[in-house]
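The values are calculated or read from the model by the stated rules, or taken from the named source; none is laboratory data. If you're wondering where the values come from, they're calculated on a predicted model, not measured in any experiment. When we count neighbours, we look across all protein chains shown, and the Cβ atoms used for this are built from the backbone with ideal geometry, even at glycine. Areas reflect the complete protein model, heavy atoms only, side chains present, ligands, DNA and RNA absent. Shrake-Rupley method; radii C 1.70, N 1.55, O 1.52, S 1.80 Å.
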Amino acid sequence: MLGGNADGHKLKPFLLHKYQKPHCLKGVERSTLPVSFRHNKKAWMTTASFCDYYVNFLLPELRKYCEKENIPFKILLLVDNAPSHPDLSDIDPNVKMLFLPPNITSLIQPMDMGVISILKTNYKYLLLKKAIAAAEGTNIEFLEFLKKIN
């Protein structure tokens, strides 16, 4: 899940994975990842996982941002109308959640306006750049490179 504000501040991405300890993260401390990491059996956003994200990741990050920018902690949070996104405005009186209307979310949702596709494009670009750098001067196959990447 991605988020940000109108000034360009990007929230730390939220990664919801199927496994608590994915093989690709073997030996990696999850707290060192550049994402907020959680897991559930289907890797779907549930009401419980959204509440956990909201309380343990989002609110502290928003408070920290407001303190750093020396602005009052008053937040309007735009959220799509997925069933897994309950109204949590009562948890903190300084945060008001506003839900986007149904059936037009994909047309007006800020993160669907290119942010997600740009993130994926940059990821693929950096992955291929590393693959080319690894292959230069060696005879390494692309699939072998992907098996070794962590």
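Remarks
- Nearest-ten-degree value, helix 115-135 long axis tilted from longest Cα axis of the chain: 20
- Sequence-distant residues sharing a close amide H with L15 (under 5 Å, placed H): S36, F37, R38
- Dipole magnitude of the chain about its Cα centre (Cβ charges: Lys, Arg +1; Asp, Glu -1), debye to nearest 20: 560
- At 1.567 mPa s and 4 °C, Stokes diffusion of segment 49-94 via Kirkwood alpha-carbon radius, µm² per second: 112
- Shape box of segment 1-85 [Cα atoms, principal axes, largest first, Å]: 41, 31, 19
- Amide H contacts of L77 (H built 1.01 Å from N, in plane; Pro and chain starts excluded): K96, M97, L98 sit under 5 Å, all sequence-distant by 5 or more or on other chains.
- Angle in degrees between helix 59-69 and the longest Cα principal axis of the chain, rounded to the nearest 10: 90
- Residues in segment 1-130 average 71 Å² of solvent-accessible surface per residue, probe 1.4 Å, ligands and nucleic acids excluded.
- For K148, the lysines whose Cα falls under 20 Å of its own Cα, not counting residues fewer than eight places away in the same chain, are K21, K26, K124, K129, K130.
- Nearby aspartates and glutamates by direct alpha-carbon distance to K74 (threshold 20 angstrom, same-chain neighbours under 8 apart not counted): D7, E61, D87, D90, D92
- Where K18, K124 fall by accessible area, highest first, once all protein chains stay in place (1.4 Å): K124, K18
- Accessible-area value, Y65, 1.4 Å probe, nucleic acids and ligands omitted, Å²: 30
- The chain - mean residue ellipticity at 222 nm from DSSP helices (-39,500 (n - 2.57) per run, n ≥ 4, rounded to 500): -10000 deg cm²/dmol
- Rounded to the nearest whole Hz, the Karplus-based 3J(HN,Hα) values (6.51 cos²θ - 1.76 cosθ + 1.60, θ = phi - 60°) of segment 82-94 follow the sequence 5, x, 7, 10, x, 7, 10, 4, 6, 5, 9, x, 8, with x at glycine and proline.
- Each of K74 and L2 was given a label point 7 Å from its Cα along the Cα-to-Cβ line. The distance between the two points is 3.0 nm.
- Taking the 1.4 Å solvent-accessible surface of segment 1-134 as the whole, the part contributed by carbon and sulfur is 61%.
- Of the two radii for segment 7-150, the radius of gyration is 1.04 times the Kirkwood radius, both from the alpha carbons; that is the Rg over Rh value.
- Placing unit charges on each Cβ (+1 for Lys and Arg, -1 for Asp and Glu) gives the chain a dipole about its Cα centre, and among P93, C24, F50 the Cα reaching farthest toward its positive end belongs to C24.
- Applying the criteria of a DSSP loop state and at most 14 other Cβ atoms within 10 Å to the GluC sites (Glu not before Pro) of segment 1-98 yields E29.
- Of all DSSP beta bridges in the chain, antiparallel share, percent nearest 5: 10
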